[in-house]
Amino acid sequence: MPKKLLLSLCFAISLLAGCSSENQEWRQYQARFITPAGRIVDNGNDGVSHSEGQGYGMLLAVAAGDKRAFIRIWDWTRQHLQVRGDHLFIWRRRPGVSLEAEDSNNATDGDLLIAWALLEGADRWQRDDWRGEALDIGKDLKRAVVRSWQGRPVLLPGKDGFEHGERLILNLSYWVYPALSRLAELDPDPVWGKLIDSGLALTGKARFGPWKLPPDWLEAGKTLLPWRERQPRFGYDAVRIPLYLVWGRQADAAQLQPFLQFWQGFDGFVPPWIDLQADCMAAYAAPAGIRAIRHLTRYSTGEATWFHPPEMDEDYYSATLVLLSRLAMEGRP
């Protein structure tokens, strides 16, 4: 067999093997975390469902080309979370708890993820109605959660509870850069591009502790500080910041370097969180999802020559981050 033909055949086989592996992972993910009705189950948090998780599930369904699963997840999301009277979504539904007993506040990242997934689904399956619904979500987000801080637009984590006089409470992992970019493509309002710029600027300024990392929760008053009502950690929220930077093609070496240095600082041990004021960290190792984002960051900065995420584990959030890291590396959906 000619060498050129043999190489082409090997490349094709490797692609097919990768597709087969991804399809198997998607089937496993559905079996573990998605009910037949389309509810994404957070098995690490008492089986609740979040708007964030529904958005992640919809994005994964688009990437897998699974229209039936996408529709099931979207239908459950509309029926059980889009119940506020606007186009946004309540942030959580708990099994066995009536709607009247649930918190009606939204979660900005969940809203952005769902809007982004609808735009991707609309493009993939030619559904103009989904595109319109995504833009309606964007319109209500601008009204509900966009505020100004030091002349820049910022995103509140939700409509209610995050404005305290002159202080705003922010969560930089709620800046879902690829979602903001997609909304900017279709909505002529320049606010989406300005929000991208503000998120990048805040991420560059909100650096605390010896490792110069952003906290999970940030207080924006006269200065930037870790929010005093939460532990000042770089942890399970803020770990998504480099994921979204890479996925949204907003990452540069300066933005990613503090994350990279932190994750390389312990001789292969990867902690799930570190306290940015006390400079102490968890004594147990980070789950697969955080290690996958570490791999993604190393690959994106040239510290690793290829991307090989760990296997999914049995926890919803960790398993989701593993799959999302792969999509980010590939630039999908």
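Here, each number is a calculation from the coordinates, and none is a lab measurement. The model shown is predicted, which means the values in this text are computed figures rather than measured ones. Reconstructed Cβ throughout: ideal geometry from the backbone, glycine too, with neighbour counts over all protein chains shown.
Ordering Y284, V270, P157 by Cα displacement along the dipole of the chain toward the positive end leaves V270 in first place; charges were set at the Cβ atoms of Lys, Arg (+1) and Asp, Glu (-1).
Please return the longest range in the chain lying between exposed loop sites, taking GluC sites (Glu not before Pro), DSSP loop only, at most 10 other beta-carbon atoms within 10 Å, and leaving the sites out. Intermediate results must be reported in sequence, preceding the final value.
Details: sites that count: E166, E229, E311.
Segment 1-165 is the longest.
Report the trypsin sites (Lys or Arg not before Pro) located in region 183-272 that are in a DSSP loop and have at most 13 other Cβ atoms inside 10 Å of their Cβ, or state none.
Numbers: sites: K194, K205, R207, K212, K222, R228, R230, R233, R240, R249; in loops: R207, K212, K222, R228, R230, R249.
Listed in order of number, the matching sites are K222, R228, R249.
Our summary of shape: the Cα atoms of the chain have principal axis extents of 74, 47, 42 Å, ordered from largest down, in whole angstrom. Taking every alpha-carbon pair under 8 Å whose residues sit at least 6 apart, the chain reaches a relative contact order of 13 percent. Since only N23, V146, G235 are under comparison, the one whose Cα sits farthest along the positive direction of the charge dipole of the chain, derived from C-beta charges on Lys, Arg, Asp and Glu, is N23.
If R0 is taken as 56 Å, the Cβ-Cβ distance between A282 and R68 corresponds to a FRET efficiency of 0.90.
The count of lysine pairs in the chain whose Cα atoms are under 15 Å apart, excluding pairs fewer than 8 places apart on the same chain, comes to 4.
Charged side chains reduced to their Cβ positions (Lys and Arg at +1, Asp and Glu at -1) give region 30-330 a dipole of some 320 debye around its Cα centre. With the simple spin-label model, which puts each label point 7 Å out from Cα in the Cβ direction, the H164 to R78 separation comes to 3.9 nm.
Using only Cα atoms, what Kirkwood radius does region 108-156 have, in angstroms?
Details: mean 1/r = 0.0874 Å⁻¹.
For region 108-156, the Kirkwood estimate is 11.4 Å.
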